[in-house]
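The values are calculated or read from the model by the stated rules, or taken from the named source; none is laboratory data. Note that the structure is predicted; figures quoted are calculated from it, not measured. Because the Cβ atoms are built from the backbone with ideal geometry, glycine has one as well, and the counts that use them run over all protein chains shown. For the accessible areas, the whole protein counts, side chains as well, though only heavy atoms, and no ligand, DNA or RNA atoms are used. Shrake-Rupley method; radii C 1.70, N 1.55, O 1.52, S 1.80 Å.
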Amino acid sequence: MLIRHRPDILPSEITTETLYTQRRQFLARFAAGLGTLALPGLSTSAAATSEKPFASLQSSPLSTRDEKITAQSNVTSYGNFYEFGPDKDSPAKNAHRLRTAPWSVTIDGEVKTPRTYALEDILKWAPLEERIYRMRCVEGWSAVIPWVGIPFSEILKRVEPTGNAKFVEFWSLADPEQMPFVRLPFLDWPYMEAVRLDEARHPLSLLAVGMYGEAMPKQNGAPIRIVFPWKYGFKGAKSIVRIRFVEKQPATVWTKAGPDEYGFYSNVNPDVPHKRWSQSQERRLGEFFKRKTLPFNGYAEQVAGMYAGMDLRKYF
Ligand SMILES: Nc1nc2c(c(=O)[nH]1)N[C@H]1C(S)=C(S)[C@@H](COP(=O)(O)O)O[C@H]1N2
Ligand SMILES: [Mo]
């Protein structure tokens, strides 16, 4: 299989120095407020180009293998980011209005020390990794995306949730100046989705800051968004400004919008249809024929244990 986004470099050729240089380069871009612009000339390594600051990151062993990676153009041109409009091409058309630097994230609620952090400080907490994940949207399309990010478990190590913390909320920005559609109340803004604390701590949960070796495109949730590959795509809040730890299971943006259509868990499940359509099949972006949807989106071996004993038709 040809993996186009990757340079011809063996993992053994990746030096610590290369990784260090690239991380520094990325942090420098945040600090300089250059958004997705590349800084020329920061690295002379053969593997590193200024357009692809993460091109030679270690690919995590948790990556999904043997799947064709979806074309980057499909993933950046088709999607949902309702703050920028209701259509699948609204994000690509309108997300340029988002100002992604400077960016800070408030981490509060049931944590030892509630605080607001500059994004570049959070990114110093752990090395960036590439994670290739299958993604499945509740509306029936899917993709295989090489994300770049840090495991959410690394955040938990730093912020120390209290004994009362049972759930984690991820809040997106809701600024009407940048996001014209948050003036319309078709969702209860700000966009907020939540998971159980053990789900957030699962090794597959990734705080992503890039994809395809590049900084996160605005339409995909720049500068930082969360990814849970075994859940429907809407659980992955984009452009996160607040992470709050709470004791009680919260009502989220989608359970409020349609309690009988969107459950709190929203684990990918081919056997539990959406109220208005089947979930047994999916269409990969860029492909014509549909394929079968897998339980937990193919990650059952890793995640099913978290739901042992639960009736997944009730807790959909
Ligand atoms: N803030 C915010 N996050 C969001 C959405 C949104 O409208 N607003 N849409 C969700 C939905 S429905 C999907 S399928 C994914 C799609 O984004 P992706 O293709 O970049 O994963 O983002 C999710 N995160
Ligand atoms: Mo979605």
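A few points about this structure:
- Ser56 passes every criterion in (1) farther than 18 Å from Trp171 by Cα; (2) surrounded by 16 or more Cβ atoms within 10 Å (Cβ to Cβ); (3) modelled with pLDDT of 85 or more; (4) of a type in the set (Gly, Ala, Ser) apart from (3).
- Residues within segment 252-281 that are under 22 Å from Lys292 (Cβ atoms), touching a helix residue (DSSP H, G or I) at 6+ places or on another chain (Cβ under 9 Å) and not in a loop (DSSP other than H, G, I, E, B), tallied: 1
- Given (1) more than 22 Å from the chain's Cα centre (by Cα); (2) open to solvent by 80 Å² or more (accessible area, probe 1.4 Å); (3) without any contact (Cβ under 8 Å) to a residue 60 or more places away in the chain, index of the condition Glu247 fails: (3)
- Per-region count, segment 63-92, residues out of contact with any strand residue (DSSP E or B) (no Cβ under 6 Å at 6 or more places or on another chain), of a type in the set (D, E, K, R) and over 18 Å from Arg183 (Cα atoms): 5
- Output for segment 282-314, where each listed residue is over 26 Å from Gly79 (Cα atoms), open to solvent by less than 50 Å² (accessible area, probe 1.4 Å) and part of a helix (DSSP H, G or I): Ala304, Met306, Tyr307
- Test: residue in segment 152-164 that is without any contact (Cβ under 8 Å) to a residue 24 or more places away in the chain, over 23 Å from Gln302 (Cβ atoms), open to solvent by 50 Å² or more (accessible area, probe 1.4 Å) and polar (S, T, N, Q): no
- Boolean, Leu204 is near ligand 1 (Cβ under 9 Å from one of its atoms) and farther than 22 Å from Thr113 by Cβ: no
- Options Asp188, Asp198, Asp271: the member that is without any contact (Cβ under 8 Å) to a residue 60 or more places away in the chain and either of a type outside the set (A, V, I, L, M) or surrounded by 20 or more Cβ atoms within 10 Å (Cβ to Cβ) (or both): Asp271
- Residues satisfying the stated conditions in segment 81-116, i.e. surrounded by 19 or more Cβ atoms within 10 Å (Cβ to Cβ) and within 18 Å of the chain's Cα centre (by Cα): Phe81, Tyr82, Glu83, Phe84, Pro91, Ala92, Ala95, Leu98, Thr100, Trp103, Val105, Ile107
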